[in-house]
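Derivation of every value follows stated rules applied to the coordinates shown; laboratory data play no part. For clarity, every value in this text was computed on a predicted model and none was experimentally measured. Cβ placement follows ideal geometry from the backbone for every residue including glycine, while neighbour counts extend to all protein chains displayed.
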Amino acid sequence: MGKKYLQQEDVENAYKIIKSYVTHTPLQYDEYLSQKYNCNLYLKREDLQKVRSFKLRGACYSILQTPEKQRQKGVVCASAGNHAQGVAWTAHHLKIPAAIFMPVTTPKQKINQVKFFGKENVSIELVGDTFDATAEAAEKYCHKKNLTFIAPFNDLNTMAGQGTLAKELLDDAIQADLKFDYLFCTIGGGGLISGVGAYTKGVSPTTKIIGVEPLGAASMKEAFAANYPVPLKKMDKFVDGAAVKKVGNLTFANANKYVDQLTTVPEGHVCTTVLELYDREAIVAEPAGALSISALDNYKTKIEGKNVVCILSGGNNDIERIPEIKERSLIYEGKQYYFIVKFPQRPGALKEFVTEVLGIGDDITKFEYTKKMNKETGPVLIGIRLGKVKQINDLKKRMRIFDPNYIDLQQNKILYEMMV
């Protein structure tokens, strides 16, 4: 039976090997977040890593641990994001071939980034509509060509490499005579928190390690409940860097050994954090990167006066996602609503709605109306941005008078996804 658990020494050995390849990212005191949560808050800025994500660490170490002769044949990975970029960067710098398998639905921006980091050493294969289909195709290709598969998380070398950020973090903390009470870390497949947990508990056993998952993709939470990895029956893929259907057997074992607590964060709240980091601090964080910071709201009273560190795990945020991020944030905060309302088919109906239904400061953000001939009324898709969140109940009361059968799309997910 092979080795199951990582130890502090495994991460230290990984760091010795990859430290000349990766950037020692800063551990930064964050004044804004410290004031907001009444604690001493530090960020481990992996968004400033060479590929703007911690994933480079695991990919690089895993590839370097592959025997030289086998490595020269080439490596293979399946990823639509940061892991692919880490493999591509490493392949280019080691001058070895890499086949990157990505879903057909992968945004062009991510494909271009992989090409940029891998250059002539990388070939991209677009296969499958889902990640599972892509991964299956990658592994078949790997076996057929007798190449090495670089796993994104469920591999001891990958886990140890990803955990090297904890060595940097704690080395910097020791140098600053600083000891952390809490460490917040994103969980996707569980590779990062496995490596971070193994090293942190070895060096600073009293530091509480909090694993953070998106509410709609909490696969580690499900594994903890079942006491073994189980696939999620449904999954919200929005926090794509942390949306994994099933954690690995190795990452589950290590998370179960080293993590003190798990917590989940609604996707809309993550969106609010992404926007807040950008607006307040000019930090570009991807949703998975902001996840650990979002979780601070779940621990407000516990972290007061404490030394806290959040791993900002990545900054690869596609600018085309910003409208959706804003939308989800507004809906989560209770500021944006969508309704289907029947309007009288006569002049002045909209003016009547504005006058009699909208409250002070409310604004119409969307209005789609198709006139039906020979009908007294017609359905309207209407979006309303509230002037004040507390006005929603009064708005709905007035809406009911205007149309007793109106539909609140936030209460009907299928209609919402079709129409908004």
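Show me, for segment 82-89, the HN-Hα J-couplings you get by feeding each phi into the Karplus relation (A = 6.51, B = -1.76, C = 1.60, θ = phi - 60°), rounded to Hz, glycine and proline as x.
Karplus-based 3J(HN,Hα) across segment 82-89 equals 5, 5, 4, 5, x, 5, 4, 4 Hz.
Quick one: which residues, 5+ away or cross-chain, put their amide H under 5 Å from the amide H of V380? H built at 1.01 Å from N.
V341, K342, F343
If you rank C60, C77 by fewest surrounding Cβ atoms within 10 Å, what's the result?
C77, C60
Could you size up the charge dipole of segment 55-154 around its Cα centre, putting +1 on the beta carbon of Lys and Arg and -1 on that of Asp and Glu, and report it in debye to the nearest 20?
Here the size comes out at about 360 debye.
Considering the options F238, L330, L395, tell which one lies farthest towards the positive end of the dipole of the chain, charges being +1 on Lys and Arg and -1 on Asp and Glu at the Cβ, about the Cα centre.
Of the options given, the answer is F238.
Please find, in a Gaussian network model of the chain (springs between Cα atoms separated by less than 10 Å), the residue of H143, H24, H83 whose mean-square fluctuation is greatest.
Answer for the Gaussian network model of the chain: H143.
Please state the charge dipole magnitude for the chain, taken about the Cα centre, from unit charges on C-beta atoms (+1 on K and R, -1 on D and E), reported in debye and rounded to the nearest 20.
Result for the chain is approximately 720 debye, rounded to the nearest 20.
I'd like to know how segment 252-382 sits against the 2.2 N^0.38 Å rule of thumb: what's its Cα Rg over that expected value?
1.54
Whole-Hz ³J(HN,Hα) for each residue in segment 204-213, computed from phi via Karplus 6.51 cos²θ - 1.76 cosθ + 1.60 with θ = phi - 60°, x for glycine and proline: what do you get?
After applying 6.51 cos²θ - 1.76 cosθ + 1.60, I find 9, x, 7, 5, 7, 9, 10, x, 10, 10 Hz.
Could you work out which residue, out of D260, D403, D240, moves most in a Gaussian network model of the chain, that is, has the largest mean-square fluctuation with Cα springs under 10 Å?
Taking springs between Cα atoms under 10 Å, the residue moving most is D403.
How much of the pair distance distribution for the chain lies past 28 Å, counting alpha-carbon pairs only, in percent?
52
For segment 239-256, in order, what is each residue's ³J(HN,Hα) by Karplus, 6.51 cos²θ - 1.76 cosθ + 1.60 with θ = phi - 60°, in whole Hz (x at glycine and Pro)?
Here the 3J(HN,Hα) series is 7, 4, x, 10, 9, 10, 5, 8, 6, x, 5, 6, 5, 4, 4, 6, 5, 4 Hz.
Only helical DSSP H runs with n ≥ 4 go in: add -39500 (n - 2.57) per run for the chain, normalise by residue count and round the 222 nm mean residue ellipticity to 500 deg cm²/dmol.
Rounded to the nearest 500, the figure is -13000 deg cm²/dmol.
When R321, R57, R400 are ordered from fewest to most other Cβ atoms inside 10 Å of their Cβ, what list results?
Ranked by crowding around the Cβ, least crowded first: R400, R321, R57.
If we count other beta carbons within 10 Å of each Cβ, what is the order of L350, L409, L358, fewest first?
So the ranking, lowest neighbour count to highest, is L350, L358, L409.
May I ask you to derive the relative contact order of the chain, considering only C-alpha pairs under 8 Å and at least 6 residues apart, and to give it as an integer percent?
In percent, rounded to a whole number, it is 16.
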